[in-house]
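Everything on this sheet refers to the single structure shown next.
The values are calculated or read from the model by the stated rules, or taken from the named source; none is laboratory data. These numbers were taken from a predicted model, which means no experiment stands behind them. Neighbour counts run over all protein chains shown; Cβ positions are idealised from the backbone, glycine included. Each accessible area value is taken on the protein alone, full model and side chains, heavy atoms only, with ligands, DNA and RNA left out. Shrake-Rupley method; radii C 1.70, N 1.55, O 1.52, S 1.80 Å.
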Amino acid sequence: MTASSSNFAFEMDPEKSIITNTETSENHKTLLAAIKAADLEEILSYSGPFTVFAPSDSAFENFSNKSIAELLHANNKRELRALMTYHIIAGKFSASKILKAMCRGGGKASFTTVQGDKLIATMDGVDIVLTDSNGNTAKITNADANQCNGVIHQIDSVIQPTKM
């Protein structure tokens, strides 16, 4: 896990919003399309603070091209919105805040997503690992990309709520 945004495929401007910085990313085109299709663009432009666990384009490719392509259709907006809001928690949680919560929790921390289900954070060596309600895991690969309305942590997998 890297504690800065320097490994992102772009430089994030901490004075700009989550959505503005995602729009300039070369590594989050699928995420941006999903955010827009789920009607979350305005919220991530102005509201906050939020912590976004942002799957990279390669994470979406591994998720299944067919699944994400189907979810991007207008008739699947409810399911897509559930999936995308499962990647967001209210508040600004830097990697150090996540680590502190894990220390208080005996090596484990639980976070309620905007979608309503829980994510569990644990450590695997030096990496923070998120486990979804289905037992799938995602590793934070780049941490603490600060935004004017929150923080983005890039993850290597798409996590899923229990129900979409």
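Some points to look at:
- For region 69-89, a residue qualifies if it is loosely packed, with under 12 Cβ neighbours inside 10 Å and either among the charged types (D, E, K, R) or at positive phi (or both), and exactly one does: Arg78.
- Failed criterion for Thr113 (all others in (1) in contact (Cβ under 8 Å) with a residue 60 or more places away in the chain; (2) among the β-branched types (Val, Ile, Thr); (3) buried (at least 21 other Cβ atoms within 10 Å of the Cβ) hold): (1)
- Of all positions in region 103-123, none carries a residue that is of a type in the set (Gly, Ala, Ser), at pLDDT 95 or above and closer than 24 Å to Glu15 by Cα.
- When Lys97, Lys66, Lys92, Lys139 are checked against the criterion of being open to solvent by 40 Å² or more (accessible area, probe 1.4 Å), part of a strand (DSSP E or B) and either over 19 Å from Thr24 (Cα atoms) or modelled with pLDDT under 90 (or both), Lys139 stands alone in meeting it.
- Ala38, sole failed condition from (1) open to solvent by less than 30 Å² (accessible area, probe 1.4 Å); (2) within 18 Å of Asn142 (Cα to Cα); (3) small (Gly, Ala, Ser): (2)
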